[in-house]
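Input: a single structure, listed below in structure tokens.
The values are calculated or read from the model by the stated rules, or taken from the named source; none is laboratory data. What you see is a predicted model; the values in this text were computed from it and never measured. Every residue, glycine among them, receives a Cβ derived from its backbone with ideal geometry; neighbour counts consider all protein chains shown.
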Amino acid sequence: MIKNIKYILWFFLFFLFFILFNAWKNEKKIVDNLDLSYAETNLNNVKSDGDIIFSQSFKEYDNTNEELINISTSLVDVKINPLTGDFSNLVLKKYLNDINGENGVVVLDKTDERFYYGQSGVISNQFYDKPVFDKKFLSNFSYEVKDDSSNVFVILKYEVGENIFLYKVYTFRSYSYEIGVDFYIQNNSSSDVFFKHYGLLRYKKDKTSSGILDSGIRSYEGGAVYTDSKPYKKISFDELKEKNFSYTGVGGWIAFLERYFISAWIPDKDNEYIYIAEKVLDKIYSFKYLSFSDLKVNSNECSHVYTTLFVGPKSNSFINNLSKGLELSIDYGIFWPIASPIFFLLSYIFSFIGNWGFSIVLITLIIKLMFFNLSSISYRSMGNMKKLQPRLELLKEQYKDDKTQFGNAVMNLYKKENVNPLSGCLPVLVQVPVFISLYYVLLESIELRHAPFLFWINDLSSKDIYYILPVFMSLTMFIQQKMNPPIQDQFQAKVMMFLPVVFLFLFLQFPSGLILYWIVNNVLSILQQYVIVKNIL
């Protein structure tokens, strides 16, 4: 006999497998052998009416001076090390570090505590034996973008060889998280020279794995690469423990992804690059690109290449038009065709009511209306099965010593009364993709980060710190169980009795917005089932 309980248990096992797989997935010598550390060079340039003007008023940097170059825009605060040209620190000013913290999420920080930084430069076989950082120059130590229409150019200069100068220009805009990086190589020597340029992100992974209860809310952390010939490949830490990654393609980008934020090097889309990810040292990983072909700079000429560094939120409003494929970094999982419309609708509702919690309530109602007829069929089937319980008890007593005969009698009764036990679990199975899609929307969408609802719920993207919502959700599951037909098998009945408790512990660490969806869906289901079953009995 096919019992409704079997399919509910299958749903539970499927969901548990999803949680465990999500936890496992997030926990899992390069051909160039180039030592990029020496090439952390420094530079300069400024643009005026389309012409390149090389500043002559550089201040020599004292290697004993630890002062950093400071840049401030309306969106970011940045510190650049003039000795190396690295992005030593970058803070996103518009985002809170935590719900009770101050403005400013630290993304890049070249310290032992964080050790995550960005670097770019040029390299050349012609200058491997030259001393590094023998002279450093810069034009200023403090820059500020004062309004949304202005740019600021941070200009550095380095003599990479005799009469060969490298000018590096950072372009900051107040309205953007993009940082333009232009390289100008001025060759005043009597020989031609050849260069390659690169961009590098280096990250130290020193976080330990959380327990099984935390695994459900983990999102992907690791590298990713995109080219037209290799669309969006994740490069996990576990992969790099086994072997390094190297791929050559035209255009594209390479990035490091965290739950809400992304750092990505985006070179010129028309040229070919080697994209590389590798484990450098214990817990330290690099994600970088290197231009495939040499850039030739003729004697007494100047050549130019450029790249872009994006450090900011994984938000469609900032990354959609930045580079092809970058929107895939907002990871909605395998059900992204469902998750994307859900987020669009959720955002549309929010634009009217201004509260993400109430938006979740309304989108739950919309989803419930979409499945209304399907749910009605299910609840009618449950009502009919509940109506047959007295007759099932008689059959059980009549065939208590012959399970085969009892099973056949039950199936004949179902057929005679036109009752289908499978229809009771169908809406649950259909809603699994919707549930998982909403899970990813709440997990990945930075718009819901620190989004308040009511009372003690001040962050819909994180757990309920008082666990009131998980308890209430478990209670609604228990009520639904009591409304369903009794289970004949005693062992299965006991399993079902403990199922709300099991879900309670599974959901303790889940985003409160997701549990809010589940509660509203359960309450609406209870009301619908009550009305339908009452009319049947």
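Can you say whether Val520 is closer than 29 Å to Tyr332 by Cβ, outside the structural domain of Leu92 (by TED's automatic domain parsing), modelled with pLDDT under 80 and not charged (D, E, K, R), as far as the supplied structure shows?
No.
Do we find a residue being under 26 Å from Leu75 (Cβ atoms), at pLDDT below 70, part of a strand (DSSP E or B) and not small (Gly, Ala, Ser) anywhere in the range 131-140?
For the range 131-140, residues under 26 Å from Leu75 (Cβ atoms), at pLDDT below 70, part of a strand (DSSP E or B) and not small (Gly, Ala, Ser): present.
Of all residues in the range 303-353, how many are among the β-branched types (Val, Ile, Thr) and within 22 Å of Pro433 (Cβ to Cβ)?
5
Looking at (1) surrounded by fewer than 22 Cβ atoms within 10 Å (Cβ to Cβ); (2) under 17 Å from the mean Cα position of the chain (by Cα); (3) part of a strand (DSSP E or B); (4) aromatic (Phe, Trp, Tyr), find the lone condition where Phe318 falls short.
(3)
Just wondering, is there one or more residues in the range 227-237 that are out of contact with any Gly (no Cβ under 9 Å at 6 or more places or on another chain), more than 30 Å from Ser462 (Cβ to Cβ) and either at pLDDT 90 or above or exposed (fewer than 15 other Cβ atoms within 10 Å of the Cβ) (or both)?
No, every residue in the range 227-237 fails to be out of contact with any Gly (no Cβ under 9 Å at 6 or more places or on another chain), more than 30 Å from Ser462 (Cβ to Cβ) and either at pLDDT 90 or above or exposed (fewer than 15 other Cβ atoms within 10 Å of the Cβ) (or both).
For the range 307-334, give me each residue that is touching a strand residue (DSSP E or B) at 6+ places or on another chain (Cβ under 9 Å), among the aromatic types (Phe, Trp, Tyr) and modelled with pLDDT under 90.
Phe318
For a quick check of your reading of the model, give me the residue pairs whose first member lies in the range 423-450 and is at positive phi and among the charged types (D, E, K, R), whose second is at pLDDT 80 or above and in a helix (DSSP H, G or I), with beta-carbon atoms closer than 8 Å and at least 6 apart or on different chains.
So the pair list comes out empty.
Quick one: Ile526 ticks every box in (1) β-branched (Val, Ile, Thr); (2) buried (at least 19 other Cβ atoms within 10 Å of the Cβ); (3) modelled with pLDDT of 75 or more except a single one, so which number is it?
Only one criterion in (1) β-branched (Val, Ile, Thr); (2) buried (at least 19 other Cβ atoms within 10 Å of the Cβ); (3) modelled with pLDDT of 75 or more is unmet by Ile526, namely (2).
Any residue in the range 192-200 that is among the acidic types (Asp, Glu), modelled with pLDDT of 85 or more, surrounded by 15 or more Cβ atoms within 10 Å (Cβ to Cβ) and not in a helix (DSSP H, G or I)?
no
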